[in-house]
Structure formats: structure tokens, C-alpha cells
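Below: the structure, in C-alpha cells.
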Ligand SMILES: [Zn+2]
């Protein structure tokens, strides 16, 4: 069953947990883009994705969050953007193969640059970079695309147009609200939902950036703005805290699973975790929401 058919069954789907923070725990050095690992240490990515499948994930995100040409400009693989994205799909597909029905979602994060008039980036440049990534991901064989951790309509719209120009696959749009009920650029959940529902997003949602308590308020605002519209919620395992040199996340798997069931009650059809969420968090969520 494809993504939309799986949603149609009414079952809540469980996505995966964090990519970046888990890879760092597994040895990815600070400052190295996770995307480099698709060539340098593919075994690390596979090990993490295998652990998520074992924990019960129905959807694996590709290790391509920073996989636009614009974000990869410092990467040693900046001339191999398409290959990086396609190799990441291959790895996720390999892990997904361990259980029938596990889907692969192509992750499309921000470019790391602001669009005009706030920064140097022309909308057309951004759109072309997103189109290139979306095409690589869809030709690589993903089941859906997730425009995630975005925070500005200008850039996320460029990602939407780029992705839509490349493929007819379902697209999820997920924003990061790190200013209470607003993103860094001031977008509110209600306006975000209405906008991307109108454009044709399969789901809208939120990930990263905030506490679980605030994520619940964000989900409430989405639910009020679009009753019944399917939501995608992938929160951090709490807010990061520095312990010496180490970044730690305090929320236990059980506590996170408790929140996940409240997100489901508010209309979430896909729940998972972002920064700090381990396979143990995902296993607890899967046990709770199914
Ligand atoms: Zn995150």
C-alpha cells in the first residue's frame, strides 16, 4: 500500500526519530554534515534506520535534510548532489525492506540561507535547488516528500513549487515553531495549515524547535484552524540542555509516548520524533498509538 492508502486505513503511522542527534551519538563528528555519511559511513545510517524499523517505524526519512545544492556548498560532495540524495534513498529503502509496508520519505530541509528581502537568495535559485533535490529523491524511489523544519512561507513555497515541478508524490509540509506559537519568521500554525492545505499538502505539521508542551499547543491551533485535516507531528525529546560538552534531552520514552497519544487525539495521523528521540522513544510511541 502506498502512503495515502496506508493513511486511508485509519491506522496511525509512526515515523522515525532523530537522524542528526543519533548519528552524533554514534560517532558523527561535530561540523560534519550527516549527508556526507551516505558515502563515508553508510553502515552508520543503516544501523540507525534498522533500529527505527525494529522499533516500529512505518516511515523512514532519508538522510537528506541538508541535501539541497545550496546547503551542500561546503560539503566535499557538493558536485554530487543528485548521487548523495539517491544513495540516501537506497540506504533507507534497504532498511525499510526488513518489514513489509515500511515507507521511505524524502527529507527536504531549508537551504540555510534567507530569501530576499531578508537575505541574498533569489526565490528562483531556491526553487531550482529544491526541484533538483526533489527530482533526485523521487527518481531514487521515495514514497513521499517531507518539506520539514521550515519556518518561512517564502522558502517553503519555493520548496513546494520545486518539489511539485519534479513529482506528483504526496508532499507533507512541517514547520518548526521555536518562538512559542510562531516560527522564527513569525508564521503561526493556523495560517500555515490554511496555506498548505490550499496548495494541496497531504498533511501539514510541526517538528523540532520546541518543548512537548508547546507542541501540544501548536497541534491544538492546527486542529482549530482545520478540524479533521491530517497532521504530522515530530517533536524533540524535550529541549536540549548542555551537560559539560554533551547535549542531552531529558524526556523519557514513556513521557513522549504520552504526548504522542494526545497529538493523535488532536488529529495527528503520523507521529514520530525529532532531535533527541532515540529508537527507544519510537518504540514507546508505537506501543502507545497503535
Ligand atoms: Zn530536530
Filtering the range 156-181 down to residues that are touching a strand residue (DSSP E or B) at 6+ places or on another chain (Cβ under 6 Å) and part of a helix (DSSP H, G or I), which residue is surrounded by the fewest Cβ atoms within 10 Å (Cβ to Cβ)? 163
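Based on this model, can you work out whether residue 98 counts as under 26 Å from residue 288 (Cα atoms) and in contact with a helix residue (DSSP H, G or I) (Cβ under 8 Å, 6 or more places away or on another chain)? Explain how you work it out, then say what you get.
Numbers: under 26 Å from residue 288 (Cα atoms): yes; in contact with a helix residue (DSSP H, G or I) (Cβ under 8 Å, 6 or more places away or on another chain): yes.
Yes.
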Take the conditions part of a strand (DSSP E or B) and under 21 Å from residue 226 (Cβ atoms) and apply them to residue 209. Does it pass? no
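Could you tell me whether residue 105 is in contact with a strand residue (DSSP E or B) (Cβ under 7 Å, 6 or more places away or on another chain), within 16 Å of the ligand (Cβ to nearest atom) and not in a loop (DSSP other than H, G, I, E, B)? Talk me through it step by step, then tell me what you get.
Values: in contact with a strand residue (DSSP E or B) (Cβ under 7 Å, 6 or more places away or on another chain): yes; within 16 Å of the ligand (Cβ to nearest atom): yes; not in a loop (DSSP other than H, G, I, E, B): yes.
Answer is yes for this residue.
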Complete set of residues in the range 215-233 that are touching a strand residue (DSSP E or B) at 6+ places or on another chain (Cβ under 6 Å) and either at pLDDT below 95 or part of a loop (DSSP other than H, G, I, E, B) (or both): 230
Suppose the filter is at negative phi and either in contact with a helix residue (DSSP H, G or I) (Cβ under 7 Å, 6 or more places away or on another chain) or in a strand (DSSP E or B) (or both); does residue 255 pass it? no
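When the range 241-252 is examined, which residues are found to be assigned to a loop (DSSP other than H, G, I, E, B) and either surrounded by fewer than 14 Cβ atoms within 10 Å (Cβ to Cβ) or away from the ligand (no atom under 16 Å from the Cβ) (or both)?
Restricting attention to the range 241-252, the residues satisfying the condition of being assigned to a loop (DSSP other than H, G, I, E, B) are 244-245, 249-252.
If the condition is that a residue be assigned to a loop (DSSP other than H, G, I, E, B) and either surrounded by fewer than 14 Cβ atoms within 10 Å (Cβ to Cβ) or away from the ligand (no atom under 16 Å from the Cβ) (or both), then 244, 245, 250, 252 are the ones that fit.
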Of residues in the range 4-21 being within 15 Å of the ligand (Cβ to nearest atom) and surrounded by fewer than 24 Cβ atoms within 10 Å (Cβ to Cβ), the one farthest from the chain's Cα centre (by Cα): 21
If you go through the range 182-194 one residue at a time, do you hit one that is buried (at least 19 other Cβ atoms within 10 Å of the Cβ) and within 30 Å of residue 28 (Cβ to Cβ)? yes
Against the condition more than 25 Å from residue 60 (Cβ to Cβ), away from the ligand (no atom under 16 Å from the Cβ) and either outside any helix (DSSP H, G or I) or in contact with a helix residue (DSSP H, G or I) (Cβ under 8 Å, 6 or more places away or on another chain) (or both), how does residue 190 come out, does it pass? yes
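Can you tell me which residues in the range 136-155 are within 16 Å of the ligand (Cβ to nearest atom) and crowded, with 24+ Cβ neighbours inside 10 Å? It would help to see each step written out before you state the result.
Quick first cut of the range 136-155, residues within 16 Å of the ligand (Cβ to nearest atom) only: 146-151.
Result: 146, 147, 148, 150.
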If I ask for residues that are surrounded by 15 or more Cβ atoms within 10 Å (Cβ to Cβ), more than 18 Å from residue 172 (Cβ to Cβ) and modelled with pLDDT of 95 or more, which ones from the range 67-89 would you list? 69, 70, 71, 72, 77, 80, 81, 82, 84, 86, 87
Going residue by residue through the range 27-50, is there one that turns out to be buried (at least 19 other Cβ atoms within 10 Å of the Cβ), at pLDDT 95 or above, in contact with a strand residue (DSSP E or B) (Cβ under 7 Å, 6 or more places away or on another chain) and not in a loop (DSSP other than H, G, I, E, B)? yes
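The values are calculated or read from the model by the stated rules, or taken from the named source; none is laboratory data. Remember, predicted model here, so these are calculated numbers, not experimental data. As a convention, Cβ positions derive from the backbone with ideal geometry for all residues, glycine included, and neighbour counts pool all protein chains shown.
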